[in-house]
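Comments concern the structure below.
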Amino acid sequence: MAGVYFKEATEVKEIAEKLIDKYHPHLQDAKDVIGYYFREGSSDWAGKAKKCTAFERYVTGNMLFVFINAEAWERMSYEQRLALVDHELCHFSRKSFSDIDPKTGQWVEKYEPADQPDSWSIREHDVEEFSDVIKRHGLWDTGIEKFAAAVREADYQMSLDDIEREENRVLRAVK
């Protein structure tokens with residue numbers, strides 16, 4: 001009997017906490033309100049980020065969830081896993097405000113309380129477009145143009161060749 005099962009994903013949590021420390025200041029004091037789970041069972045996605053419902057908060061004590069497709073995770077290289085977890089963390093948005101730091105007198109960004117549901121929302125992707133439209137019309141939207149600039153400025157580009165090479169390495173190791 002086929003089904004869908006969930007189990008805690010401690011490996012994902014460890015990666016996420018390192019990424020939070022490096023890239024996600026809005027999540028630094030919220031590490032204990034994010035639940036990480038592997039999803040086992042057929043799925044067409046690699047990862048999902050979700051804001052918890054009131055019932056989910058009551059049952060788990062979490063404000064946010066990161067779900068990772070266990071089958072996809074097993075096929076990924078470490079670099080791909082980092083990118084996937086970073087991607088899911090980018091979906092979490094938090095209300096903030098500017099305030100004066102009493103020690104320095106400088107303006108600093110402060111975040112609404114991590115344990116308040118209204119502090120959180122889910123952020124959509126910066127770009128949603130078809131490569132065919134970009135081929136025909138170029139970087140016609142500012143979001144697409146910003147995305148292209150980010151791609152050009154990235155220190156490392158993981159290519160399709162890299163992914164195929166890693167998949168072939170995994171297949172050889174299994175045989």
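In what sequence, highest mean first, do 37-46, 117-126, 104-113 appear when ranked by Cβ atoms within 10 angstrom?
For the peptides 37-46, 117-126, 104-113, the packing ranking is 37-46, 117-126, 104-113.
When you count, for each residue, the other Cβ atoms within 10 Å and take the mean per peptide, how do 91-100, 133-142 rank with the highest first?
Result, highest mean first: 91-100, 133-142.
Give the order of Cys90, Cys52 when sorted by the count of other beta carbons within 10 angstrom, beginning with the fewest.
Cys90, Cys52
How high is the relative contact order of the range 1-93, in percent, counting Cα pairs under 8 Å that sit 6 or more residues apart?
Reported as a whole number, the value is 33 percent.
Which aspartates and glutamates does Lys51 reach when only Cα atoms under 19 Å apart count, and residues fewer than 8 places away in its own chain are ignored?
Within the straight-line cut-off, Lys51 pairs with Glu8, Glu17, Asp29, Asp32, Asp86, Glu88, Glu112, Asp115, Asp118, Glu124, Asp126.
When DSSP assigns beta bridges and you keep just the ones with both residues in the range 1-93, what percent turn out antiparallel, to the nearest 5?
Taking every DSSP beta bridge with both residues in the range 1-93, the antiparallel ones total about 60 percent.
Just from its helices, what would the mean residue ellipticity at 222 nm be for the chain, if runs of 4 or more DSSP H residues each count -39500 (n - 2.57) and the sum is divided by every residue, rounded to the nearest 500 deg cm²/dmol?
Result for the chain, helices only: -12500 deg cm²/dmol.
Evaluate the distance, in nm, between pseudo-label points positioned 7 Å from the Cα of Val151 and of Glu129 along their respective Cα→Cβ axes.
Once both label points are built, they end up 0.9 nm from each other.
Read-outs: derived from the displayed coordinates by stated rules, not from any lab. Just so we're clear, the structure is a prediction, and the values are computed from it rather than from any experiment. Virtual Cβ from ideal backbone geometry, glycine too; neighbours counted across all protein chains shown.
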